[in-house]
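Note sheet for the following structure.
The values are calculated or read from the model by the stated rules, or taken from the named source; none is laboratory data. All of these numbers come straight from a predicted model, not from anything done at the bench. Don't worry about glycine lacking a Cβ; one is built from the backbone with ideal geometry, like all the others, and counts go over all protein chains shown.
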Amino acid sequence: MIELFGTLGPACRDQDTLIHMFQEGMTGMRLNLSHSGLAESEAMIHEFQQAANTAGVKPELLIDLQGPELRIGALNQALTLADHSIIPASAIPLPAQVAEVLESSDHVLLDDGKLELDYQTNTFTVLRGGTLLSRKSIKIVNKDVPMPALTDADKENLALARSFGVSAVMQPFVRDDFDLKAVKEELLKNNAPDIRIFSKIENRIGLSNLDRIIPHSDMVVIARGDLGNDIPLAELPGVQKDIASACKKQNVPFLVVTQMLTSMISSPVPTRAEVSDIFNAVTDGASAVMVTNETAAGNYPVEVIKVLRDTTAAAEAWCLSH
């Protein structure tokens, strides 16, 4: 049975919507803690748990930590970046770790690669523009920035995890087994050794150390968003298959996520390509699939889960018949 994960957010936080999502086959949900903590999300978690109880489901609650991910600071208002425009570097509140290593001719990706800038001394030239909001991700292309495995906020959330019914922790940007050991130590310290650890593969370092990461993972997450920023996009499908194969060799389950049903943020039906993507993930051996903005901020969260259920069920049936 494939695990089907949605993501909690404003579009699905009411109990009625959540009940219908569980009834359509959802087994659990991800809570993104990049912008808030467990304590601040208490009301939404309560609705989630009440809905699962009403639907007769014992739900999985996954918390997605901040980890060694870099994000810009707060903006006074949304920043519109026009293609080919030149802006002062000071217009974007850069994390100190990025500012320290940024050099002329570095390319910077913002908001999961939606925006791209070229840095020259004290200025950015906008190569791919758009609207930039506060706390969006930032990455320097082909440059690794040293970061600790866990932030202070992560440690606070791990201390609360058991009391909030958390069943799994998603560790972002896993670089090596030492990142996972840091998470395990923190869970042990807080008397929560049974909480599963999901290792998100999101960069070249993680790919190169995959054989050391997999044995320390309860689930490997093929996180195609940031991973697609760190390798050539055309190579991403092949890399996904390589990760799947490595997981199967070590008998560790894997999950596929990112843009699985993006069109359904605004459409009640998926594209053929999206259905094929989900189907192929299952036939490649995925134990779980996950959607993010589709349920957190989209217009059709219940329909999204139904498409996930129907497509994964069809893929499982196909595997049994071949």
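A few points about this structure:
- Residue match in the stretch 65-88 (condition: closer than 28 Å to Glu303 by Cα, of a type in the set (A, V, I, L, M, F, W, C), buried (at least 16 other Cβ atoms within 10 Å of the Cβ) and modelled with pLDDT of 95 or more): yes
- Among the residues of the stretch 1-25, those that are out of contact with any Lys or Arg (no Cβ under 8 Å at 6 or more places or on another chain) and outside any helix (DSSP H, G or I) comprise Met1, Ile2, Glu3, Gly9, Arg13, Asp14.
- The strands (runs of 3 or more DSSP E) found wholly in the stretch 204-310 include none carrying at least 1 residues that are among the hydroxyl-bearing types (Ser, Thr, Tyr) and either surrounded by fewer than 19 Cβ atoms within 10 Å (Cβ to Cβ) or modelled with pLDDT of 95 or more (or both).
- The stretch 148-196, residues that are among the polar types (S, T, N, Q) and in contact (Cβ under 8 Å) with a residue 40 or more places away in the chain: Thr151, Asn157, Ser167, Gln171
- Residues that are among the small types (Gly, Ala, Ser) and either in contact with a helix residue (DSSP H, G or I) (Cβ under 9 Å, 6 or more places away or on another chain) or outside any loop (DSSP other than H, G, I, E, B) (or both) were ranked within the stretch 94-153; the one that is modelled with the highest pLDDT is Gly130.
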